[in-house]
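Since the structure comes first, as structure tokens, the remarks are kept for the end.
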There are 2 protein chains.
Amino acid sequence: MLPGPTNVPNRVINAMLTPMINHRSDDFRKLYKDIVNKTQTVFETENDIVVLTTSGTGAVETSVLNLIKKDDAVIIPVNGEFSTRLADLIDNYGGKTIRINSPYGQNPPIEKIEEVFEKNSNIKALYVVYNETSTGTTLRNLSKLGDLCKAHGAFFVVDAVSILGGDELPVDKWNVDVCFTATQKALAAPPGIAPISVSKEAKKYMIENPPPSQYLNLKRYFKYYSDSFETPFTPAVSLFYAYQEALNIIIEEGMQNRISRHRKCANAFYSGLEALGFTPFADADSRSNVVIALNYLPGIDDKKFRELLSTKFKVLLAGGFGELKGKVFRVGCMGEVSSYHVMRTLSAISSSMSILGVQPIRDGLSVANNVLNQ
Amino acid sequence: MLPGPTNVPNRVINAMLTPMINHRSDDFRKLYKDIVNKTQTVFETENDIVVLTTSGTGAVETSVLNLIKKDDAVIIPVNGEFSTRLADLIDNYGGKTIRINSPYGQNPPIEKIEEVFEKNSNIKALYVVYNETSTGTTLRNLSKLGDLCKAHGAFFVVDAVSILGGDELPVDKWNVDVCFTATQKALAAPPGIAPISVSKEAKKYMIENPPPSQYLNLKRYFKYYSDSFETPFTPAVSLFYAYQEALNIIIEEGMQNRISRHRKCANAFYSGLEALGFTPFADADSRSNVVIALNYLPGIDDKKFRELLSTKFKVLLAGGFGELKGKVFRVGCMGEVSSYHVMRTLSAISSSMSILGVQPIRDGLSVANNVLNQ
């Protein structure tokens, strides 16, 4: 029940048994074209798709390297570990971030971002971390932010690493220029590759202003795909097969059904855990449906609690990051997540509380069960 | 029979069926430590090992980003596609290459490199592509080059992407500061991860002078490994399992046996193909044991020949790169390669020649067979 890598369905694991193929062959071209088309369906976009052989961090860096040049002004809301990292990266590469800070677990009011746009005519891009995995906080106004970027001629870049496939993200409808994720989160495939979508305008800019990098240079990826449906460098072929099968599963289920399932499981988690006595870390209007972060109760020690869950119940939960270490725990609610996972996790948490001598306030399991059966 | 990705043994493919684990768990730490130890054995080094989730090109770029700064003087022998690419990359990042050019298929005399060292007191590093995959040419004086670097206080960086695991490369004995390869070549694992070794001196330099990159920043990898035997970013866990099994196979066979097998197969290929009428592209003293490049004979068209081999005999060979396109063909002699692969490939080539109306000079199969049975 970690916020990634998540469980990988057997169908996806078994797809890696496909014998090794040459990445300069028709077999590979067919595989890659199919992945690109299906990724477009899942991203709800007609934009170009590139699949990198990197983890999510490699995709984050690619989005910065190819778009941000020295002294470019970049707005970025910062309210957790991953948005801080992203802002630091932009600055390291010579960009000038304008950070809209808000307390962890809260999102900034959109007016603050509007204000920066009004006061600065030269904003190159707005970067957002859609789902702050470190705090279980999701930005809930991406559609408006997309409009704002369009109105001010800025690129809109969405880091969707832990959320794409588990919550809404219609890339074209929301005017997202660059969107990327990693396969081991809500897409429920193994880690190691990262799909990224790029709008026509962003692509034009990247082709005209390529970075010195070879490996993370999107211009090369665009060229190889348009010339021959290949990648410029050897791709992780086995992981491409796995990702293709994960996409098949998502498309069979349908994105709307998949998002509803994540939402229902998240609601059940929040309701059940609140009934047990925990309070959600994030504000009500910005709680994530894919990473559920809860404040610890007095008497429950992070290390003891999670060790008990792991050894006695084989349920793995994540702890807090950085300054939240020991203060919160996090439940991944992504990928294959179902009623079974919710009930099993709540049951293990409830039992662990009892073992640690902390009495649950109410019966969290029946509360969650009611939500699941609505 | 391509020069990578090569066939992957079933044991290695099946290792990817291991259920997904958390990359912040003891299971992963055990896996990574084992991989690091076994990679040290295969590299014949006690240096630090980092495993990147990238293709070989990602490792090439990592070696440049972490070691070369603006205006650093770098010597690099250039005699093919990959050494040209590497030299361009160094220049793109602000380094100043001193290119020792030699004709494709030939290596520069070591005196030329010595001369540059003598004339320039400020050489930061010598970069070499050990095996130029594009031309089937291997540098045969790495040991001396290592001594030269040591004598002149320069870092010695060896791109061993297509060769490590198939020919000699005792990293410590040859004073190699940075050495990297990719898993899909002579190591016979799937593509997508790249091991890199770094000497104490190079590590110290990298820690004191980190690049702006996050994803390809070796300082972070060193820190995560020394703190907790982890990688800083989510690794391609399935490929780590596959690589571990590939290392097991290599260690079971023994590096010396493995190198002898590659050498014997390469000798059989060269002898057999010369008997059929082809001439090797590379000079006799620099011929590769892992990529066999041959000049085409009059009357044999590249496309027709390789299509015939592929469709009629299910044998895949590679064509030439860049200016060698249509002029040479290349046989991968790496990884699982055995007498069976040699004889089957020669038989298919010989038959294809007959179909195309080109008479082999002598019976290449019996010549190769004699070499294999010596």
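The values are calculated or read from the model by the stated rules, or taken from the named source; none is laboratory data. The structure presented is a predicted model; accordingly, all values stated were derived computationally and were not measured. Every residue, glycine as well, gets a Cβ built from its backbone with ideal geometry; the counts of neighbours run over all protein chains shown.
Some notes on this structure:
- Filtering the range B:148-171 to residues that are in contact with a strand residue (DSSP E or B) (Cβ under 9 Å, 6 or more places away or on another chain) and of a type in the set (Asp, Glu) leaves B:Asp159, B:Asp167.
- The range A:83-92 - residue that is touching a strand residue (DSSP E or B) at 6+ places or on another chain (Cβ under 8 Å) and within 18 Å of A:Thr181 (Cβ to Cβ) and, of those, farthest from the other protein chains (Cβ to nearest Cβ): A:Ser83
- Candidate set: the range B:65-82, residues that are in contact (Cβ under 8 Å) with a residue 40 or more places away in the chain and within 14 Å of chain A (Cβ to nearest Cβ); chosen: the one nearest to the chain's Cα centre (by Cα): B:Phe82
- For the range A:42-136, the helices (runs of 4 or more DSSP H) that sit wholly inside it and include 2 or more residues that are more than 30 Å from B:Ser238 (Cα to Cα) are A:81-92, A:110-119.
- From the list B:Tyr270, B:Tyr296, the lone residue that is among the aromatic types (Phe, Trp, Tyr), at pLDDT 95 or above and closer than 16 Å to B:Pro3 by Cβ is B:Tyr270.
- Counted residues, the range A:10-49 - those being more than 9 Å from every other protein chain (Cβ to nearest Cβ) and either buried (at least 19 other Cβ atoms within 10 Å of the Cβ) or under 19 Å from the mean Cα position of the chain (by Cα) (or both): 18
- Members of the range A:307-323 found to be assigned to a helix (DSSP H, G or I) and surrounded by fewer than 18 Cβ atoms within 10 Å (Cβ to Cβ), listed by number: A:Glu307, A:Ser310, A:Thr311, A:Lys312, A:Phe313, A:Gly322, A:Glu323
- Residues that are under 30 Å from B:Pro190 (Cβ atoms) and either within 14 Å of another protein chain (Cβ to nearest Cβ) or of a type in the set (S, T, N, Q) (or both) do occur in the range B:136-147.
- Identity of the residue in the range B:204-222, crowded, with 20+ Cβ neighbours inside 10 Å and more than 10 Å from every other protein chain (Cβ to nearest Cβ), that ends up nearest to B:Ala59 (Cα to Cα): B:Leu218
- Test for A:Arg99: is it within 30 Å of B:Pro190 (Cβ to Cβ), over 20 Å from the mean Cα position of the chain (by Cα) and assigned by TED's automatic domain parsing to the domain that holds A:Lys144: no
- Qualifying positions in the range A:215-263 - among the polar types (S, T, N, Q) and without any contact (Cβ under 8 Å) to a residue 24 or more places away in the chain: A:Ser226, A:Gln256, A:Asn257, A:Ser260
- Qualifying residue in the range A:50-63 (condition: among the β-branched types (Val, Ile, Thr) and more than 10 Å from chain B (Cβ to nearest Cβ)): yes
- Scanning the range B:264-281 for any residue that is in a helix (DSSP H, G or I), in contact (Cβ under 8 Å) with a residue 24 or more places away in the chain, in contact with a strand residue (DSSP E or B) (Cβ under 9 Å, 6 or more places away or on another chain) and within 14 Å of another protein chain (Cβ to nearest Cβ) turns up nothing.
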